[in-house]
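Below: the structure, in structure tokens.
The values are calculated or read from the model by the stated rules, or taken from the named source; none is laboratory data. Being a predicted model, the structure only gives us computed values, none of them experimental. For neighbour counting, all protein chains shown are included, and Cβ atoms are generated from backbone atoms with ideal geometry for every residue, glycine included.
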Amino acid sequence: MVITCTADKENFTTVYTTFSILVKYRQKDNIPNNSRSPWFIPSIGQWCDMLKNICGKDPMTFNRTSVAFEEYYKYGTETLDKLNAQLGKAGRSARNLSVGKRRIYQTSTEFNRQLSWIIIWGFLDDWDRIGIKGYDKSAGYLIYPFFAF
């Protein structure tokens, strides 16, 4: 099962919105205190493994556009389609994006004291991109928990 949640700092008291969502999920699902949920927020390394092994694109080959950003101005649709094909085997998808839209997922990895790593899919008329970058930890982006099995 795949869960997509929106991290919105207006709804949480901490700046680490991703982890606030997990605490609320744990309380809602009555996960006992001394046991661990099989869900976890992936690190940037785990997202990179997914991009390489499932989507066929190695972020180590992405073009660096700044100190904190590596991206390709192509492969967005291709990688999202491959991810959805894999998720389809479990009856889920990451949902397709239309032109002018983007999807940003926060990771559990710090970029530095103020930033965490994110993964971004973005689509405009003149580009179709996939990228990874450091971004403000308090931003209200999506989280995409992985399931350990």
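Can you say whether Lys89 is surrounded by 16 or more Cβ atoms within 10 Å (Cβ to Cβ) and modelled with pLDDT of 80 or more, as far as the supplied structure shows? So Lys89 fails the test.
Of all residue pairs spaced 6 or more apart or on separate chains, none has beta-carbon atoms under 7 Å together with a first member in segment 102-129 that is without any contact (Cβ under 8 Å) to a residue 12 or more places away in the chain and a second member that is among the β-branched types (Val, Ile, Thr) and outside any strand (DSSP E or B).
Of the residues Gly140, Gly56, the single one that is in a loop (DSSP other than H, G, I, E, B) and either modelled with pLDDT of 80 or more or over 26 Å from Lys24 (Cα atoms) (or both) is Gly56. Inside segment 124-133, residues that are assigned to a strand (DSSP E or B) and out of contact with any helix residue (DSSP H, G or I) (no Cβ under 6 Å at 6 or more places or on another chain) make up a count of 4. A single entry from Gly131, Gly122 fulfils the requirement of being crowded, with 16+ Cβ neighbours inside 10 Å, of a type in the set (Gly, Ala, Ser), closer than 16 Å to Tyr73 by Cα and at pLDDT 85 or above: Gly131.
Residues that are assigned to a strand (DSSP E or B), surrounded by 15 or more Cβ atoms within 10 Å (Cβ to Cβ), among the acidic types (Asp, Glu) and at pLDDT 75 or above are absent from segment 105-114.
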